[in-house]
Amino acid sequence: MNNQSIPIITIDGPSSSGKGSISRKLASELNWNILDSGALYRIVAFSAKLNEIPIEKESLVKNLISKLKIRFKLLDTFEQKIFLNDCDITSEIRTEICGQNASRIAKYPTVRDQLVGLQRGFLKKPGLIADGRDMGNVVFPASKLKIYLTADQNERAKRRYNELKQKGINVRFAAVLDDLKQRDNQDKERNIAPLKVSPDSVLIDSTNLSINEVVSKILSLSKLRNIF
Ligand code: DC
């Protein structure tokens, strides 16, 4: 089996649309590999801060990437642990500020180029669920099932707000909504690989759907298209 025949399902969409939970559940049900590409952008932004590299310096940020030793571990609980140089940085990269910085460095063409090879390296047997903003359009254009997952902006902000509250993080709903709006704009309006619905993707609006309902929909589509 060459890389071209390994099945891929790409799941793109804006922040807090449920991509992460749905991708992890799908990967777990199918026993496939998973690529959380947003985590890669977050790790780069986190490492830049850690190494006191200014986020504004594209070439310094880009040069950092080849030195990173990254490892993902999917637990039975569908949670994902992320290690940088063998240190667990799962919670550090999930902060609002790290998300904002990730979105800022994601505008840099050289950073995106450098990450494409790394992302394609996740394509291994028996299959891959790739979650991000440009998985179907740029990184895995040959994927036979491309999902664009979205939800109403207020609903996404509510999900994010509840997630933060559950973690004991005290935030105002208005601040979460503002942050989300800013990130949506940044991700959709950048010049390179912007977040957009491609003509060959299937749009799923999860505003009124549970995680399990979205997972079932994707599994049905996969069967219809003979993905596995
Ligand atoms: O999915 P996330 O919130 O963890 O992603 C963090 C940021 O990384 C997001 O705001 C934009 C960027 N990103 C990207 O540009 N392309 C991807 N494939 C994934 C994430």
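Beyond 18 Å, how much of the Cα-Cα pair distribution for region 61-168 remains, as a whole percent? Pairs farther apart than 18 Å: 64 percent. Over region 91-145, the Kirkwood radius and the radius of gyration, each from Cα atoms, give a ratio Rg/Rh of 1.01.
Which of rounded, prolate or oblate describes region 161-228 when judged by the alpha-carbon gyration tensor and an a/c cut-off of 1.5? It is oblate, given that a/c is not under 1.5 and a/b is not larger than b/c. Computed on the chain, with alpha-carbon pairs under 8 angstrom and 6+ residues apart, the relative contact order is 33 percent.
Taking the chain as a Gaussian network of alpha-carbon nodes connected by springs under 10 Å, the highest mean-square fluctuation of the residues Lys107, Lys19, Lys146 belongs to Lys107. What the Cα atoms of region 70-116 give is an Rg and a Dmax of 12.7, 36 Å.
Within region 46-82, whose backbone N sits under 15 Å from a point 7 Å along Cα→Cβ of Ser91? Under 15 Å, as judged by backbone N against the label point of Ser91, lie 80-82 of region 46-82.
Calculate the FRET efficiency for Asp178 and Arg120 from the Cβ-Cβ distance with a Förster distance of 25 Å, rounded to the nearest 0.05.
Given R0 = 25 Å and the Cβ-Cβ separation, E is 0.10.
When the chain is modelled as a GNM with alpha-carbon springs shorter than 10 Å, which of Gln100, Gln119, Gln166 fluctuates the most? Of Gln100, Gln119, Gln166, the Gaussian network model singles out Gln166 as fluctuating most. If the Kirkwood radius is taken over C-alpha pairs of region 96-226, then at 20 °C and 1.002 mPa s the Stokes-Einstein diffusion coefficient equals 129 µm²/s. So which GluC sites (Glu not before Pro) in region 18-108 are both in a DSSP loop and have at most 12 other Cβ atoms within 10 Å of their Cβ? Passing sites in region 18-108 are Glu52, Glu56, Glu79. Its DSSP H runs of at least 4 residues, each contributing -39,500 (n - 2.57), put the calculated 222 nm mean residue ellipticity of the chain at -14000 deg cm²/dmol, to the nearest 500. Please build a GNM for the chain, connecting alpha carbons under 10 Å apart, and tell me which residue among Lys73, Lys62, Lys188 fluctuates the most. Residue with maximal mean-square fluctuation among Lys73, Lys62, Lys188: Lys73.
Just want to confirm a number: the relative contact order over region 17-146, from Cα pairs under 8 angstrom separated by 6+ residues, in percent. About 36 percent, as a whole number.
Compute the relative contact order of region 1-90 as a whole-number percentage, counting only Cα pairs closer than 8 Å that sit 6 or more residues apart in sequence. Provide the component values of the computation, followed by the final result.
On the way: 67 pairs, mean separation 16.1, N = 90.
18 percent.
The orientation-averaged projected area of the convex hull spanned by the Cα atoms of the chain comes to 12.2 nm².
Three semi-axes describe the equivalent ellipsoid of region 24-72; taken as square roots of 5 times the Cα gyration tensor eigenvalues and ordered largest first, they are 28, 9, 8 Å. Straightening the chain between Asn212 and Ile53 buys 53.1 nm, computed as 0.36 nm per residue apart minus the Cα-Cα spacing.
FYI, it's all coordinate maths here, none of it is from the lab. Since this is a predicted model, take the numbers as computed values, not measurements. So basically every Cβ, Gly included, is an ideal-geometry build from the backbone, and we count neighbours across all protein chains shown.
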